[in-house]
Amino acid sequence: MTDRPLALVVDDDVTVRDVVHRYLDRAGYRVLLSGDGEHALRTVAEKAPDVVVLDLMLPRLGGLEVCRRLRRDAAGVPIVMLTALGEEEDRVLGLELGADDYVTKPFSPRELVLRVASVLRRARELPARDADHGPVHDGDLTVDVPGRRAHLAGAPLPLTAREFDLLAFLVRRPGQVFSRAELLERVWGWDFGDQSTVTVHVRRLREKVEPDPRAPRRIATVWGVGYRYDGVAGPRPDPAA
């Protein structure tokens with residue numbers, strides 16, 4: 001069936017590749033396999049997979065560099081990282097480079113399949129209530145939710161799929177405070193997970209949409225609670241949200 005999503009699994013461990021391949025295949029995916037970063041980049045350029053499962057520890061070209069290049073050359077493809085338990089700094093850096101999610105080794109193959117399905121769903125679909133609305137404007141920032149485009153001062157914003165989802169969610173609900181757990185559930189679609197993922201994505205968004213990320217005006221921190229979208233002109237309650 002040609003409508004089955006195409007997943008690229010990048011890992012130098014043959015056993016891991018085989019296990020992930022079998023579980024993704026059972027879940028309805030077509031699967032491509034790669035054992036190193038350079039081959040993975042060529043495969044993405046040639047085959048345009050719908051989602052990439054990327055191990056960070058790769059020969060020749062490491063997973064972090066692969067992630068960086070994918071975000072430069074194939075910005076929209078969702079990326080799920082595979083990391084070892086002791087690689088917290090690399091995991092955070094991977095999220096900062098634009099990975100959408102991660103699973104820690106040793107991992108449950110079923111959990112990995114759920115993570116892959118989640119990032120792919122979020123990349124392909126919009127919440128029904130947001131899809132009916134036109135672009136949202138906040139000063140020199142424009143977020144076109146149905147078109148999945150964002151511009152700042154007339155220039156396209158290079159957002160990952162997950163960054164766009166988070167920005168679109170917040171900008172449609174100005175003045176409302178959301179905890180990190182609520183954002184994980186409503187933007188990521190998770191009812192569990194590492195809430196630092198939200199923190200990293202908020203920091204990345206601020207670097208892209210704030211006049212001064214060190215003194216954010218758009219995405220405010222509500223200490224002890226979470227985050228609120230105020231916008232450059234202050235919060236604007238949205239009764240349709």
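The values are calculated or read from the model by the stated rules, or taken from the named source; none is laboratory data. Here the structure is a predicted model, which means the values were calculated and not measured. In this analysis, Cβ positions are derived from the backbone assuming ideal geometry, glycine residues included, and neighbour counts consider all displayed protein chains.
Quick notes
- Candidate set from region 186-202 (those that are assigned to a helix (DSSP H, G or I) and either loosely packed, with under 15 Cβ neighbours inside 10 Å or of a type in the set (Ser, Thr, Tyr) (or both)); member that is modelled with the highest pLDDT: Thr199
- Tally, over region 69-93, of residues that are modelled with pLDDT of 85 or more and under 13 Å from the mean Cα position of the chain (by Cα): 6
- Tallying residues that are in a helix (DSSP H, G or I), crowded, with 18+ Cβ neighbours inside 10 Å, hydrophobic (A, V, I, L, M, F, W, C) and modelled with pLDDT of 85 or more within region 94-116 yields 3.
- Set Leu32, Leu61, Leu24: member being over 20 Å from the mean Cα position of the chain (by Cα) and either at pLDDT below 95 or buried (at least 22 other Cβ atoms within 10 Å of the Cβ) (or both): Leu61
- Any hit, region 24-42, residues being hydroxyl-bearing (Ser, Thr, Tyr) and farther than 20 Å from Arg115 by Cα: no
- Phe169 satisfies every condition listed in (1) farther than 24 Å from Thr221 by Cβ; (2) among the aromatic types (Phe, Trp, Tyr); (3) modelled with pLDDT of 90 or more except (1).
- Residues located in region 86-107, provided they are closer than 20 Å to Val202 by Cα and acidic (Asp, Glu): Glu88, Glu89, Asp90, Glu96, Asp100, Asp101
- Residues that are outside any loop (DSSP other than H, G, I, E, B), touching a His at 6+ places or on another chain (Cβ under 9 Å) and free of Cβ contacts under 8 Å to residues at least 40 places away in the same chain within region 137-159 comprise Thr142, Val143, Asp144, listed in sequence order.
- Selection status of Arg124, modelled with pLDDT under 80 and not acidic (Asp, Glu): yes
- Residue tally, condition crowded, with 19+ Cβ neighbours inside 10 Å and among the hydrophobic types (A, V, I, L, M, F, W, C), over region 151-168: 6
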